[in-house]
1. Which of the residues that make up the stretch 177-197 are in contact (Cβ under 8 Å) with a residue 24 or more places away in the chain, surrounded by fewer than 19 Cβ atoms within 10 Å (Cβ to Cβ) and not in a helix (DSSP H, G or I)?
2. Sort out which residues of the stretch 123-132 are buried (at least 20 other Cβ atoms within 10 Å of the Cβ) and part of a helix (DSSP H, G or I), and write them in order of number.
3. Out of the residues in the stretch 167-176 that are out of contact with any Gly (no Cβ under 9 Å at 6 or more places or on another chain) and assigned to a loop (DSSP other than H, G, I, E, B), state the one that is nearest to Ile16 (Cα to Cα).
4. Given Glu52, Glu14, which one is touching a residue at least 40 places away in the same chain (Cβ under 8 Å) and within 13 Å of the ligand (Cβ to nearest atom)?
5. Ser135 versus (1) within 15 Å of the ligand (Cβ to nearest atom); (2) buried (at least 19 other Cβ atoms within 10 Å of the Cβ); (3) part of a loop (DSSP other than H, G, I, E, B): which is the lone unmet condition?
6. Condition test on Ala65, is it closer than 18 Å to Val195 by Cα and away from the ligand (no atom under 14 Å from the Cβ)?
7. Go through (1) among the small types (Gly, Ala, Ser); (2) farther than 26 Å from Gly32 by Cβ; (3) within 16 Å of the ligand (Cβ to nearest atom) one by one and return the number of the condition Ala190 breaks.
8. Please go through the stretch 138-166 and pick out each residue that is outside any helix (DSSP H, G or I), over 11 Å from the mean Cα position of the chain (by Cα) and within 16 Å of the ligand (Cβ to nearest atom).
Amino acid sequence: MKILITGFEPFGGEIINPSYEAVKSLPGEVNGAAIIKRQVPTVFRKSIMELEKLVDEIRPDIVIAVGQAGGRVDISVERVAINIDDAAIKDNEGNQPVDEAIFEDGENAYFSNLPIKAIVKRIKEGGIPASISNSAGTFVCNHIMYGLLYLIDKKYPGIKGGFIHVPYLPEQVVNKRNTPSMNINDIRKALILAVEAIVEHSAGGIAGDEGKV
Ligand code: PCA
């Protein structure tokens with residue numbers, strides 16, 4: 001089994017992005033599944049194009065996109081991506097789409113088809129705070145999650161895919177009072193636990209909890 005895990009470039013004035021810091025620290029294999037780690041640009045459109053190129057090349061069974069959610073307190077496993085770009089800040093190439101559809105021929109929303117409840121349960125059992133999130137926002141993270149699920153819907157129906165948001169690292173909040181953070185080892189461990197839950201689930205664990213509300 002091949003699992004593609006992506007993290008994002010730093011954006012919005014930050015010099016690191018915890019998502020790619022954690023992704024690049026992952027082992028090459030978890031429970032027999034090969035882990036392929038890549039960074040994607042924090043840029044509308046280009047992020048989806050690069051992700052599609054990676055999926056075409058690697059042909060993974062599972063894709064997990066990971067991104068930074070500054071201000072969130074825990075690991076949040078996203079349930080849904082919506083067909084809208086509405087950026088409050090510019091992306092890394094100066095784009096700032098407002099109220100634009102991502103794909104005109106796409107559904108209004110797509111649900112993650114990863115076992116989101118099993119992932120949250122496993123991360124919490126590992127002693128790390130985690131929850132399901134019902135919004136990935138309207139910036140590049142929602143954009144790539146939507147692009148991934150659109151790609152699965154239109155071209156690769158066999159692939160399972162979804163998105164996980166992670167908090168700031170402690171060094172990013174030194175000058176941001178009252179802002180939560182999580183250390184890199186816990187974020188890394190949470191991603192490994194997520195992969196374990198997904199591998200077990202696809203090996204015939206608790207079938208079909210994906211996307212259930
Ligand atoms: N977080 C942003 C985009 C890139 C990232 O790591 C977001 O939540 O949309």
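1. Those that are in contact (Cβ under 8 Å) with a residue 24 or more places away in the chain, surrounded by fewer than 19 Cβ atoms within 10 Å (Cβ to Cβ) and not in a helix (DSSP H, G or I): Thr179, Pro180.
2. If the condition is that a residue be buried (at least 20 other Cβ atoms within 10 Å of the Cβ) and part of a helix (DSSP H, G or I), then Ile123 is the only one that fits.
3. Of everything passing the filter in the stretch 167-176, Leu169 is nearest to Ile16 (Cα to Cα).
4. Glu14
5. (2)
6. When the stated conditions are applied, Ala65 does not pass them.
7. All conditions pass for Ala190, except number (2).
8. Residues of the stretch 138-166 that are outside any helix (DSSP H, G or I), as a first pass: 138-139, 155-166.
Subset that is over 11 Å from the mean Cα position of the chain (by Cα): 138-139, 155-160.
Across the stretch 138-166, the qualifying residues are Thr138, Phe139.
The values are calculated or read from the model by the stated rules, or taken from the named source; none is laboratory data. Only a predicted model underlies this, so the values are computations on that prediction, with no experimental measurement involved. Using ideal geometry, Cβ is built from the backbone for each residue, glycine included, and neighbour counts are taken over all protein chains shown.
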